[in-house]
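For reference, the structure is listed below as structure tokens.
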Amino acid sequence: MTGADILLKSLIKEKVDLIFGYPGGKTIALHDKLKDYPQIKHILPRHEQGAAMMADAYYRVTGRPGVCLTTSGPGATNLITGVANAYMDSVGMVAITCQVDRDMVGTDAFQEVDITGITQPIVKHNYFVENVKELPQTIKHAFHLASTGRPRPVHIDIPGDIFKQNLKEFNYPQNINLPGYQLPKEPKQTSVDQAVDLIKKSARPVIIAGHGVLIARAWTELKQLAETSQIPVISTLLGIGSLPQSHPLCIGMLGMHGMAWANYAVHNADLIIGIGLRFDDRITGKIDEFAQDANVIHIDIDPAEIGKNTLVDVALPGDCKQILKRLNQNLPAKKHERWLAKVATWSRDHRQSLVKKATRAQKTKHLMAQDIIKEIDKQTKSQAVIASDVGQNQMWAAQFYNFQNPNQLLSSGGLGSMGYGLPAAIGAQFADPRAQVWAIVGDGGIQMNIQELGTIMEHQLPIKIVLLNNGYLGMVRQWQEMFFKKNYCATKLVNPNFIALAQAYNIKAERAADWPKAQKIIKQAALDKKQSFFMEFIIGEEDCVFPMVPPGNNLKDTIIKRNQ
Amino acid sequence: MTTRNQQIVILQVQDQPGVLSRVASLCRRRRFNIKSLTVGTTHKTGISQITMVFWKEEARIKNIVNQLNSLIEVLEAEVVHPKDVIDKELVLLIAKKDQLEEYIFKKCTVNDINVRIINEIDGNPVYELLGQGGAIEKLLQGIDIQKNVIKLVRSGLIALKL
């Protein structure tokens, strides 16, 4: 049995059914063996970055680590943005790169790069496999690390000659031998008691739900906590879907482009219960002035996150689901009528429709991204899986789609990497073939991974692609408008004919520049479960995303509308 | 005892290739300012100890330890109180002829530093100083290095937890 067999058998032991892989010189011996393992489906993206982002989305949809595979050198370096993205967003992934043969390592051989050195800062752990005998244990450890605790990518670098080494038997280990890897223990009862006390005493509490709620699958417990104590739930971008947006206690996303009322609620709160989030700068605004009057209870599986950015009164390190269960056992029912009424007032005064009106830049009757997202929401009955790109399209998708289910929004949060939308949609569709997957992208981001239209074509994936075309790198343009006196340096795009491009990939494509046409094609797309549909919407060049907290400002200074 | 502006962190790590690089790289990317770092084997097979001294960053030291603890090959990272450890540092120093002898020997007696003149180069004495980290720090602070010292190297601190 060769090393290639050992690797594939190990992956099967880990229940891997999909590999997003790109072959190259050092993977041929491995790819050669794939035919013997029909349990594993191999998907070829058109660029290795796509492989990593597809694997990322696969995890977000299934909760199981996605697997991506590349050859040495450029194949490996091309993965990097996708791996960093998964690292920032706590996404479980096993990234396998092949390396030059062991006797060539360190000689600057053809397509050799020190990829373990390169990935070190953006993985939970990485391995360089020295011998085929280590391979099964390495795979076992990699999947264990990627899927437990705070999930994050694990990288394995395997020299090509290992695939040709022979081993008599295949024994997949049962044991984990990672003495330095400890999952947080149950929090102390005294800390739980303190948290319960703070919740009981508080008059203006808010819950901020982050990605950790979804990763821990703790949405039922979250709902119970919110309902029992009548606490409004605000989410981070990646926490969207932890409580259905239709729930009366769900008051939306906070942060730089969060709902103004969510920002005001956090700013005026006397207690913040942060669950599975890291209080990053996009949600806190100016950290020194963040929720100054509030006590903070921080629940997170990663002890290194607690107290990193914000002062914490009660630290509850551990699994969100277990901790929420403990809190729920100890909390009596409570009402916060005045507080909820106050939040409702802010909400009424700053409704999205008002905000939308204020964002329209030109006096023309151009299409507005907000209306398009709302129409998609309506036509898909709020049930589509939305893969967004990064920038204005991402914020509009987050603001105007009514997410009802966990893991319904796939978005690059921490790294904010353009080009994520299209490969993420593909990964999500492979992970759940029955899902209606919509990619919402801008004209900048789509061109970063537009080659993946080829993957959609090859597998005839029924993904709906919504291109919001404003002819600019819109978010940067918005900052240039607001903070750099409209010096639109390097943000105006000279675009190709996207419709012709999609059609060249044999994908049905339509362009809409007015509302009746837009409505018509969205409806068509929502009804067609079989094939892909590329929709281009010509939106206002200078529309902005509001609300906005300018970088480094206090959440209370959320800007509601354009200053004109 | 260390002087006031420093903090000692002890790491027990798996003795594996790359572990030092992981620790050092983490400190670099999170901009933790390392004053000294030593690494060596311990009484336990397969386990090495890294002793790190950081310039004191009160608010961040807990985060530093948390981040170090999240490395898979780090078995344990902890900030140690000076009273809980024996810490030592070795200094090799070539002094200019007849400049420092009186000062060094006097200070070493007072501060319990082991001192020997181990060699002489062109008539300049080579000192070997071995003592508690804080004492060494104090002794060196009293020397005008530009004026009186030809060469000086320090081993960095090692600390034994009691």
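The values are calculated or read from the model by the stated rules, or taken from the named source; none is laboratory data. Note that this is a predicted model, so its numbers are computed, not measured. Backbone-built Cβ (ideal geometry, glycine too); neighbour counts: all protein chains shown. For accessibility, only protein heavy atoms count, side chains too; no ligands or nucleic acids. Shrake-Rupley method; radii C 1.70, N 1.55, O 1.52, S 1.80 Å.
Model label sites at A:Asp528 and B:Leu152, defined 7 Å from Cα along the beta-carbon direction, differ in position by 7.7 nm. Along its first, second and third principal axes, ordered by size, the stretch A:221-329 spans 35, 32, 23 Å in Cα coordinates. Considering the stretch B:6-80, its Cα convex hull presents a mean projected area of 4.4 nm². Net charge in the neighbourhood of A:Val213 (other residues with Cβ under 9 Å of its Cβ; Lys, Arg +1, Asp, Glu -1) is +1.
Where does the protein assembly as shown land at 222 nm, in deg cm²/dmol rounded to the nearest 500, when only DSSP H runs of n ≥ 4 count, each adding -39500 (n - 2.57), divided by all residues? Intermediate values should be presented prior to the final figure.
On the way: 26 runs with 254 residues, N = 726.
Here the helix-only value at 222 nm equals -10000 deg cm²/dmol.
Of the Cα atoms belonging to the stretch B:86-161, the radius of gyration and Dmax stand at 11.9, 41 Å.
Alpha-carbon geometry of the stretch A:507-555: the Rg and the Dmax are 16.3, 47 Å, given in that order. Legend: calculated FRET efficiency, B:Asp98 to B:Lys35, from the Cβ-Cβ distance at R0 = 45 Å, rounded to 0.05, equals 0.90.
Ligands, DNA and RNA left out, the 1.4 Å accessible surface of the protein assembly as shown is 51% carbon and sulfur atoms. In terms of its C-alpha gyration tensor, the stretch A:3-164 has a rounded overall shape, because the principal axis ratio a/c (a ≥ b ≥ c, square roots of the eigenvalues) stays below 1.5. Under a no-solvent Debye model with one identical scatterer per Cα of the stretch A:371-433, what's log10 I(q)/I(0) at q = 0.15, 0.16, 0.19 Å⁻¹? So the normalised log intensities work out to -0.42, -0.48, -0.68. With a cut-off of 13 Å between beta carbons, the residues surrounding A:Pro423 carry a summed charge of -2, where Lys and Arg count +1 and Asp and Glu -1.
Computed over neighbours whose Cβ is under 14 Å from that of A:Pro332, the net charge equals +1, Lys and Arg +1, Asp and Glu -1.
Candidate cross-link partners of B:Lys147 among the aspartates and glutamates, defined by an alpha-carbon separation under 13 Å and a same-chain spacing of 8 or more, comprise B:Asp98. In Å², nearest 100, what accessible area do chains B and A bury in total when the solvent probe is 1.4 Å? Interface between B and A: roughly 1300 Å². Residues of the stretch A:279-308 that lose at least 30 Å² of accessible area (1.4 Å probe, protein heavy atoms only) when the other protein chains are present, relative to their chain alone, are A:Ala304, A:Lys308.
For the stretch A:1-42, the alpha-carbon coordinates run over 27, 23, 14 Å along the three principal axes, in decreasing order. For chain A, the solvent-accessible area works out to 39 Å² per residue, with a probe of 1.4 Å and every protein chain left in place. Lysine pairs in the stretch A:3-164 whose alpha-carbon atoms fall under 15 angstrom of each other, counting only those eight or more residues apart or on distinct chains, come to 15. Note on the stretch A:352-546: semi-axes of the ellipsoid equivalent to its C-alpha gyration tensor, largest first and rounded to whole Å, are 25, 18, 17. Kirkwood analysis of the Cα pair distances in the protein assembly as shown returns a hydrodynamic radius of 28.2 Å. The GluC sites (Glu not before Pro) of the stretch A:96-200 that DSSP puts in a loop, and whose beta carbon has at most 15 other beta carbons within 10 Å, are A:Glu130, A:Glu169.
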